[in-house]
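The values are calculated or read from the model by the stated rules, or taken from the named source; none is laboratory data. Worth saying up front: this structure is predicted, and the values here are computed from it rather than measured. Reconstructed Cβ throughout: ideal geometry from the backbone, glycine too, with neighbour counts over all protein chains shown. Please note that ligands, DNA and RNA were not included when accessible areas were found on the heavy atoms of the full protein model with its side chains. Shrake-Rupley method; radii C 1.70, N 1.55, O 1.52, S 1.80 Å.
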Amino acid sequence: YQNPPRITHHTVLPKDSGQYDIIMLSYGEQNSNKNFAKLKERFPNAKRIHGVKGIANGHIACAEIADTDMMWIIDGDAEVVDSFNFNYIVPEHDKDAVHVWRSINPINDLEYGYGGVKLLPVELTKKVDTSSVDVNTSISTKFKVMKEVSCVTKFNTGPYEAWKSAFRECSKLASKVIDRQKEDETNARLKTWTTVGHDRLYGEYALAGATAGMEFGLSGGSDLQLINDFDWLKERFDEQF
């Protein structure tokens, strides 16, 4: 007796090199074209999804164009450092895990996963809950923090951009909505976001956004899904400035 042959599914194509698709996800960032051009110089096969409304929807769109079982995701405002080579190979037992590398914050010099390069399982990303506040921790129950610095998250390209980015991150930090976060680590980061960087480019707007986001996150009646609504964020910014 012999087992019948297994049907080979070609939904996700294997790559002999073991490398994964590199995709930039951008949505109106002022420096995204420059960052993508620099990325393409080193990695000519890099792809891009631009202008898809909704962060979860943007990630799903990236998954739809991926030809590998895992995919690298780079935010539009991320400038990948020269030492980062996208050469990590995921062990089979971690193929269902979200991997997040560190990023450097240009306002307060924090180094952690905020804005960092991500390596995501494609099929799980296609099924992500579009109503989730934090997409990365909603894709999988497995989350791996990688120690290497992958990029500089240059979100301070203008007053609104600096304010918006700080508001969103500090809303999540203050509300403790990010799954599996460590409270003492989160509190230390929140303090740095709200106190450090006045002298940096658009630093005063980042600190104002951080403070406003912290207050929003601590307010029990806040609808945290609003932090992914960029129209609502722009209205909040216009009210403050």
Q) Among (1) open to solvent by 40 Å² or more (accessible area, probe 1.4 Å); (2) assigned to a loop (DSSP other than H, G, I, E, B); (3) of a type in the set (A, V, I, L, M, F, W, C), where does F86 come up short? A) (1)
Q: Test N105 against the stated conditions and say whether it is open to solvent by less than 40 Å² (accessible area, probe 1.4 Å) and closer than 29 Å to Q19 by Cα.
A: yes
Q) Out of the range 120-138, which residues are assigned to a strand (DSSP E or B) and within 10 Å of the chain's Cα centre (by Cα)? A) none
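Yes or no: A97 at pLDDT 95 or above, under 23 Å from E235 (Cα atoms) and surrounded by 16 or more Cβ atoms within 10 Å (Cβ to Cβ)? If you could, list the steps in order and put the result at the bottom.
Details: at pLDDT 95 or above: yes; under 23 Å from E235 (Cα atoms): no; surrounded by 16 or more Cβ atoms within 10 Å (Cβ to Cβ): yes.
Taking the combined requirement at face value, the residue does not satisfy it.
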Q.
Looking at the range 176-193, can you tell me whether even one residue there is closer than 22 Å to I74 by Cβ, open to solvent by less than 10 Å² (accessible area, probe 1.4 Å) and not aromatic (F, W, Y)?
A. no
Q.
Looking at the range 198-205, can you tell me whether even one residue there is open to solvent by less than 20 Å² (accessible area, probe 1.4 Å) and more than 23 Å from K53 (Cβ to Cβ)?
A. yes
Q: Working only within the range 192-241, note down all residues that are closer than 13 Å to Y160 by Cα, in a loop (DSSP other than H, G, I, E, B) and not hydroxyl-bearing (S, T, Y).
A: L201, F241
Q) Identify, please: which residue in the range 155-188 is assigned to a helix (DSSP H, G or I) and among the basic types (K, R) and is, among those, nearest to R200 (Cα to Cα)? A) K164
